[in-house]
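Everything below concerns the one structure shown next.
What follows draws every value from the coordinates through simple rules; no lab data is involved. Note that this is a predicted model, so its numbers are computed, not measured. No Cβ is skipped: glycine too gets one built from the backbone with ideal geometry, and neighbour counts run over all protein chains shown.
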Amino acid sequence: MRKKKVLIAAPVHQILTQGLADAGYELVISKNITQQLALELMQDCSGVVTSTRLQLDKELIDAAADLKWIGRMGSGMEVIDVAYATAKGIKCFSSPEGNCNAVAEHAVGMLLSLTKRITWSHNELIKGKWLREENRGVELEGKTIGIIGLGHTGRAFAKKLSGFDMRILAYDKYNRTDFPSYVEQCDSLQPIFDEAEIVSFHVPLQDDTFHYFDSEFVRTMKRPFILVNTSRGAIVDTNILFNSIREKKVIGACLDVVEGEPFSAMNEQQNNVFNQLLQLPEVLATPHIAGYSYQALFKMSKALLGKIVFFS
């Protein structure tokens, strides 16, 4: 009997590869996957594990006549044409519970580093500058933060912040129940627009969240605020962000993701604007690593394995 094949097109922990092998799968592992290579490798695969490296579009899905399931390391299902896959009877799994703690810790770390000017003052010390007054920090205690999206990562972030004695507002378009006691549920974005001093995005990238942060969003905010984005780069219009910082409407930005990322995929305008952002003392950025901790890789792999094996 021919073994079922699975294409591993993402960095995974060995708990997943060993678990799939134990479940009777033959593994096809590609560390340098491309769309074209995937078209060839997926032809006789019944499963594929991906992250952000592939677009599981109609062409790729149709290339795999035996495809039964798609596993996503992480949470962003925008890389998969879920509707088309589901219509063909193909199960789609994600593993947001696996990296939500990593993302939450990273977001807190970025927020602390920005408000305490840790990274900026460290870089000044390297240049021989000893500036205390200029690097006076701001405390999070007593601040009001608005969390947009209270899924796995939003909840994890709120839990971390609950120990900082902050007021935590949260709005979720899809979830209106079971909010933690330390979170104030918002039925609309209005309380966040009216009262938040910090705004953090934890939403998927889809039609209604593309450029969620735009000129209208900034205009509606009643006070200058800090932006945190650890979700997807295209949630934030980079040009609007840059202009909003220059106009002092946004007083700080923590960005783990950016529109058009990585550098090699950015067009000239995106590259220019992002490089200008990086020069600003109000901006702290990292290369999409919030959910990529060593522990998260294990936890995502374990969660995904459980869902795949249960389905199989």
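In the range 144-177, what residues are more than 16 Å from the chain's Cα centre (by Cα) and at positive phi?
Hit for the range 144-177 is ASP165, nothing else.
If you scan the range 273-299, which residues turn out to be within 17 Å of ALA102 (Cβ to Cβ) and free of Cβ contacts under 8 Å to residues at least 24 places away in the same chain?
Correct list: TYR294 only.
State all residues of the range 143-198 that are crowded, with 16+ Cβ neighbours inside 10 Å, assigned to a helix (DSSP H, G or I) and acidic (Asp, Glu); if no residue qualifies, say none.
Residue satisfying the conditions is GLU195 alone.
For the condition touching a helix residue (DSSP H, G or I) at 6+ places or on another chain (Cβ under 8 Å), farther than 16 Å from ARG72 by Cα and not in a loop (DSSP other than H, G, I, E, B), what is the one hit in LEU39, LEU20?
That would be LEU39, the only listed residue that is touching a helix residue (DSSP H, G or I) at 6+ places or on another chain (Cβ under 8 Å), farther than 16 Å from ARG72 by Cα and not in a loop (DSSP other than H, G, I, E, B).
Exactly one of (1) more than 20 Å from THR144 (Cα to Cα); (2) buried (at least 17 other Cβ atoms within 10 Å of the Cβ) is unmet by PHE213. Its number?
Failed condition: (1).
Restricting to the range 1-20, what's the tally of residues that are out of contact with any strand residue (DSSP E or B) (no Cβ under 6 Å at 6 or more places or on another chain), surrounded by fewer than 16 Cβ atoms within 10 Å (Cβ to Cβ) and more than 28 Å from PRO287 (Cβ to Cβ)?
Number satisfying all stated conditions: 3.
Somewhere in the range 220-240, is a residue more than 21 Å from GLY154 (Cβ to Cβ) and among the aromatic types (Phe, Trp, Tyr)?
Checked the range 220-240: no residue is more than 21 Å from GLY154 (Cβ to Cβ) and among the aromatic types (Phe, Trp, Tyr).
Could you grab me the full set of residues in the range 180-233 that are without any contact (Cβ under 8 Å) to a residue 60 or more places away in the chain and either of a type in the set (Lys, Arg) or in contact with a His (Cβ under 7 Å, 6 or more places away or on another chain) (or both)?
Result: ARG219, LYS222, ARG223.
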